[in-house]
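The values are calculated or read from the model by the stated rules, or taken from the named source; none is laboratory data. A quick note: this is a predicted structure, and the numbers were derived from the prediction, not measured. All Cβ positions, even for glycine, are placed from backbone atoms using ideal geometry, and neighbour counts span all protein chains on display. Areas reflect the complete protein model, heavy atoms only, side chains present, ligands, DNA and RNA absent. Shrake-Rupley method; radii C 1.70, N 1.55, O 1.52, S 1.80 Å.
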Amino acid sequence: MPEEAHRLPTDTDDGMLLIISGPSGVGKTTITRGVERSIADSVFSVSATTRAKTPADVEGVDYHFVSDEEFERMKAAGEFLEHAGVYGKKYGTPKAWVIEQLKRGRLVILEIDVQGAIQVKKQMPEAFGIFVLPPSEDELLNRLRSRKREDEQLIQKRYANAKREIDAAKDSGVYNLFLTNEDAAAAIGEAASAVIRERARRGA
Ligand code: 5GP
């Protein structure tokens, strides 16, 4: 079957899909939320996940926390635009919600990993991708430690994975912009400007 047949109808709608990825600890959530605040008609896509909720997470705002059974049911029912396994936990983007928001002309922000971004780009080639890079590898390790979210073993795992993810992102062809997060406010400004420029270029 030709590639075209798999494309979702949203390709021709007014909204724009923005994918933001980056290794954990790089500050991508701050950037994602900053872009959401900077662009009036933007909406953040709340993923379903089987990972445990941390005290910093708010149900329905950061994630929909679901059981493994519920996740598998959603997957079987075709409710995900993409889904991926990250650190042994499952994450998925709600398809119907994303399509609905794009139809309303919104900027829909997905904060997802590289595997997920590749799946989305196949279905929606017009998605705009931003990959957030750390200022340096040392700085990434410092940031992972300062979150005090995981033990050292998991931090080392995330650090090793981060380096692999950066290489995979560069090879994927999914990302329009690689953004170094030296300073959060500056990075938010740069990401928002890139999106605004792209929408203007598309005439959205
Ligand atoms: P965390 O558990 O730290 O919030 O997220 C772990 C990783 O999973 C991050 O790289 C995040 O971007 C990614 N992620 C979150 N939601 C989704 C999703 O719906 N799909 C995919 N593919 N990755 C996701």
From a point 7 Å beyond the Cα of Asp57 in the direction of its Cβ, which residues of the range 69-83 have a backbone N at a distance under 15 Å? 69-72
Obtain the nm distance between the two label points defined at Lys163 and Phe65 by a simple spin-label model: each point lies 7 Å from its Cα along the Cα-to-C-beta direction. 3.3
A 32 angstrom limit on the alpha carbon distance is what I want to check against. Which of Lys95/Lys157; Lys103/Lys148; Lys103/Lys157; Lys103/Lys163 exceed it? Lys103/Lys148; Lys103/Lys157; Lys103/Lys163
I'd like the distance separating the alpha-carbon centroids of the range 102-173 and the range 30-92, in whole Å. 14
If you take every DSSP beta bridge whose two residues both sit in the range 63-204, what share of them, in percent to the nearest 5, is antiparallel? 60
Mind checking which of Val98, Leu110, Pro135 is farthest towards the positive end of the chain's charge dipole, using Cβ charges of +1 (Lys, Arg) and -1 (Asp, Glu) about the Cα centre? Pro135
Go ahead and estimate [θ] at 222 nm for the chain from helices alone: -39,500 (n - 2.57) per DSSP H run with n ≥ 4, summed, over the residue count, rounded to 500. -13500 deg cm²/dmol
Size of electric dipole in the chain: Cβ of Lys, Arg +1 and of Asp, Glu -1, about Cα centre, debye, nearest 20: 120
Rounded if a/c under 1.5, otherwise prolate or oblate - the range 19-132, Cα gyration tensor axes: rounded
Per residue accessible area of the range 16-203, 1.4 Å probe, in Å²: 48
Considering only protein heavy atoms and a 1.4 Å probe, what is the carbon-and-sulfur percentage of the accessible area of the chain? 50
For the range 47-204, what are the per-bin percents of Cα-Cα distances with bins 10 Å wide, up to the bin holding the maximum? 9, 32, 41, 17, 1
